[in-house]
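The values are calculated or read from the model by the stated rules, or taken from the named source; none is laboratory data. Keep in mind that what you see is a predicted model, and the values were worked out from it rather than measured. Here Cβ is always computed from backbone atoms with ideal geometry, including for glycine, and neighbour counts include all displayed protein chains.
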Amino acid sequence: MFFEEFNLSGGLKVLLLPDHSESVTVLGLVRVGSRYEDESREGLAHFYEHMVFKGTKKFPSKQDLALAVDEIGAEYNGATAQEYTYYYTKTAGRDFSVGLDLISQLLLEPLLAKKEISVERGVILEELYMYHDVPQYRAQIELARLLFPNHPLGASGVGRKETITNFTQKDFVDFKETFYWSGGIVLVVAGGIKNLSRIKKEINAYFSSPPRGETISFCPFRVKSEREKIKKVNKETDQVHLAMGVRALSRQDKRRFAQGLLNIILGGGMSSRLFQEIREKRGLCYSINSSTELFNEVGFFEITAGLNKERLAEAIREIKNQLFLLAEKRVKREELDKAKHFFEGKLFLSLEDSYKKAHFYGKQLLLEPDVKSADQVLKIIKSVDESDILSVAKEIFSPEKIKIALVGSLKGGDT
């Protein structure tokens, strides 16, 4: 697929991904997230992202922003991850300029009005309480703490009550000046854009003068001595919610593609080993799946499930058995081929959507040394063999590395 990458005069990176779809996504990615925070600033990146949507120089209130989007039947939103934050609009092709205008305002001209802080503080506190009240979310929060103890990667990203209630307008202004600068921003335009020369002129007009700054690094994760392998949270529930995981390969590790296929074999789809063994054969859960997350120098591999609380020990034992089987015996060629076809199908389906396409390429431009096309990624996927899967499984699925978080009505002898 054709894509064009270039830099504006101020250093801001731009990626154009034209195709024949009817929609256009404008995506702004910023190199900052929850792992850039110390304990006293926990949740600031997320709170800042919320504040951006409270008004900008051109659209001074949240109602003005919402009206600009609703008038053209578009959508917009943002989110904060560990290593990046993003804002996007998705419009009909004819309304591309409106989307570009909105993203430039969100990235470069937020008002960060003092009067909005107390209102949004209440919203974020309720979000924090929600994540702690919902058992499956709570299990994932506790697992992250086990995997990355005393490190920003182990934080929820939303913040703590103590930090959320203490942020001031100066904190937000300083945060913008530190992280929202030309070299820390990637702009992606994907979808039905026709006249590329006109598009480039509009991008230059809207992003002609982003501020300059300096690259800020984050605290790298290093494994220290750790004793805690399991966290139990007693809560009145009909199921016990499990999050089981291990630290895994990073974004920079070439074997991450083999790790991705390992994830599909273990917990991707209804033909996966976990689904067939834990649900279909033993009836221990309704849903179970696995996923991976990649960071700069580390990653994690996670299994989540809602389990029959009367047979919890059996379920945990059998889930672990599936991990150990993958670390002891090569997968069959047919099973690996199925995983490769699964990966290919999901990738092509996602690239039909301008929003998902913008993310696929934009995150690479922001976080990786180079941008790989879908064909280049598939070439790597096709080169993975059974020995690669076994090697990765042996490395990450050793018994001493497994961490478990449980939330539900727990009895002393459950695990």
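Structure above, values below:
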{"item": "Hey, G93 closer than 28 Å to K356 by Cβ and surrounded by fewer than 21 Cβ atoms within 10 Å (Cβ to Cβ) or not", "result": "yes"}
{"item": "The one condition in (1) out of contact with any Pro (no Cβ under 9 Å at 6 or more places or on another chain); (2) surrounded by 17 or more Cβ atoms within 10 Å (Cβ to Cβ); (3) touching a residue at least 40 places away in the same chain (Cβ under 8 Å); (4) within 30 Å of S350 (Cα to Cα) that E49 fails to fulfil", "result": "(3)"}
{"item": "Out of V392, V407, V371, V377, sole residue that is under 24 Å from the mean Cα position of the chain (by Cα), of a type outside the set (S, T, Y) and in a loop (DSSP other than H, G, I, E, B)", "result": "V371"}
{"item": "Filter pass, E126 being surrounded by fewer than 15 Cβ atoms within 10 Å (Cβ to Cβ), acidic (D, E), out of contact with any helix residue (DSSP H, G or I) (no Cβ under 8 Å at 6 or more places or on another chain) and at pLDDT 95 or above", "result": "yes"}
{"item": "Near pairs, Cβ below 6 angstrom, 6+ apart or cross-chain, from the stretch 267-292 (over 22 Å from D238 (Cβ atoms)) to any residue that is of a type in the set (D, E)", "result": "S291/E302"}
{"item": "Subset tally (residues that are outside any helix (DSSP H, G or I) and within 17 Å of E120 (Cα to Cα)) for the stretch 135-178", "result": "8"}
{"item": "T85 vs. criteria surrounded by 15 or more Cβ atoms within 10 Å (Cβ to Cβ) and within 24 Å of T165 (Cα to Cα)", "result": "yes"}
{"item": "Meets criteria (among the small types (G, A, S), at pLDDT 95 or above and in contact with a strand residue (DSSP E or B) (Cβ under 9 Å, 6 or more places away or on another chain)) for S21", "result": "no"}
{"item": "Checklist (1) within 25 Å of I288 (Cα to Cα); (2) without any contact (Cβ under 8 Å) to a residue 60 or more places away in the chain; (3) among the aliphatic types (A, V, I, L, M) applied to A139, failing item", "result": "(2)"}
{"item": "Test: residue in the stretch 329-338 that is in contact with an Asp or Glu (Cβ under 9 Å, 6 or more places away or on another chain), assigned to a helix (DSSP H, G or I), modelled with pLDDT of 95 or more and closer than 30 Å to G191 by Cβ", "result": "no"}
{"item": "Those residues of the stretch 177-199 which are free of Cβ contacts under 8 Å to residues at least 24 places away in the same chain and either among the hydroxyl-bearing types (S, T, Y) or surrounded by 13 or more Cβ atoms within 10 Å (Cβ to Cβ) (or both), in sequence order", "result": "S197"}
{"item": "Residue check, R333 exposed (fewer than 13 other Cβ atoms within 10 Å of the Cβ) and either in contact (Cβ under 8 Å) with a residue 24 or more places away in the chain or closer than 19 Å to Q136 by Cα (or both)", "result": "yes"}
{"item": "Helices (runs of 4 or more DSSP H) within the stretch 44-132 that include 2 or more residues within 18 Å of the chain's Cα centre (by Cα) and in the same structural domain as R31 (by TED's automatic domain parsing)", "result": "44-52"}
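Yes/no matrix, rows are residues, columns are (1) closer than 30 Å to I303 by Cα; (2) modelled with pLDDT of 95 or more; (3) surrounded by fewer than 21 Cβ atoms within 10 Å (Cβ to Cβ):
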residue: S118; (1), (2), (3): no, yes, yes
residue: G122; (1), (2), (3): no, yes, yes
residue: H132; (1), (2), (3): yes, yes, yes
residue: Y137; (1), (2), (3): yes, yes, yes
residue: L147; (1), (2), (3): yes, yes, no
residue: D171; (1), (2), (3): no, yes, yes
residue: F175; (1), (2), (3): no, yes, no
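For every residue, the table says whether it meets (1) within 23 Å of L378 (Cα to Cα); (2) touching a strand residue (DSSP E or B) at 6+ places or on another chain (Cβ under 6 Å).
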| position | (1), (2) |
| --- | --- |
| M244 | no, yes |
| E277 | no, no |
| R282 | no, no |
| E293 | yes, yes |
| G299 | yes, yes |
| K309 | no, yes |
| K332 | yes, no |
| K340 | yes, no |
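Rundown of residues vs (1) touching a strand residue (DSSP E or B) at 6+ places or on another chain (Cβ under 7 Å); (2) touching a residue at least 24 places away in the same chain (Cβ under 8 Å); (3) not acidic (D, E), yes/no style:
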| site | (1), (2), (3) |
| --- | --- |
| E202 | no, yes, no |
| K224 | no, yes, yes |
| R227 | no, no, yes |
| V240 | yes, yes, yes |
| R251 | yes, yes, yes |
